[in-house]
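Data first, discussion second: the structure below is written as structure tokens.
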Amino acid sequence: MKKLFYFLMILVTVSFLATSCDKDEEDQVKTVKLGAQSNTSIPGFYSVSEIKTYTMDQGFQNQSAIDIFCFYEAETGNNIALASPGSNITGIFTGASSVENWTTVNTTRFSATTLTVAQFDAVVETDELIVTAYDTANNYRKAKDLKIDDIYAFKTQAATNGLLKVTEVVQGTDGSVTFEVKVKK
């Protein structure tokens, strides 16, 4: 009877540890949804370090925290795109809190990758691939014309490296983009 009890205790412990490991890996995937400039229901600004979204007015009050924003611009082929306050995007946002009026403008740079969805999904936050996927010779101040399953490497002004995988795109000035993000730990 004691042997059965010990066996069950070991089985429960192993099950708990396996579940905890699975949960840790699930926790590494952060899903972010950002709205474009006319989207009034979804915040459009993101802080990588804080893992938090902001409206434009909130972002104006927290300029040093903002690394990425979403915008839409059909005329130039950007369509739904990601950029940062330091990207010199003008004429998109309006009002006193417009990015053009910010005094702190962090720059995040993006590089398209050749990673597959399966490769992205397998990456954990300690993988060096998050750093090496960023192309130091071919990076840009925006990731434009986003499509589902696009995978970009990025580097923030604070030198934080990350990967993002686009999971949903809604075009238009009131559109949005949803992406999974993994940041190097």
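Taking N as the residue count of region 36-119, its C-alpha radius of gyration divided by 2.2 N^0.38 Å amounts to 1.11.
What region 38-159 shows is 49 Å² of accessible area per residue, with the surface traced by a 1.4 Å probe over protein heavy atoms.
Of the solvent-accessible surface of region 121-185, computed with a 1.4 Å probe and all protein chains present, 48% belongs to carbon and sulfur. For region 82-153, GluC sites (Glu not before Pro) meeting the loop criterion (DSSP other than H, G, I, E, B) and having at most 16 other Cβ atoms within 10 Å: E128.
A simple spin-label model places the labels of N88 and D121 4.0 nm from each other, with each point 7 Å out along Cα-to-Cβ.
The values are calculated or read from the model by the stated rules, or taken from the named source; none is laboratory data. The model shown is predicted, which means the values in this text are computed figures rather than measured ones. When we count neighbours, we look across all protein chains shown, and the Cβ atoms used for this are built from the backbone with ideal geometry, even at glycine. Heads up: the accessible areas ignore ligands, DNA and RNA and are worked out on the full protein's heavy atoms, side chains in. Shrake-Rupley method; radii C 1.70, N 1.55, O 1.52, S 1.80 Å.
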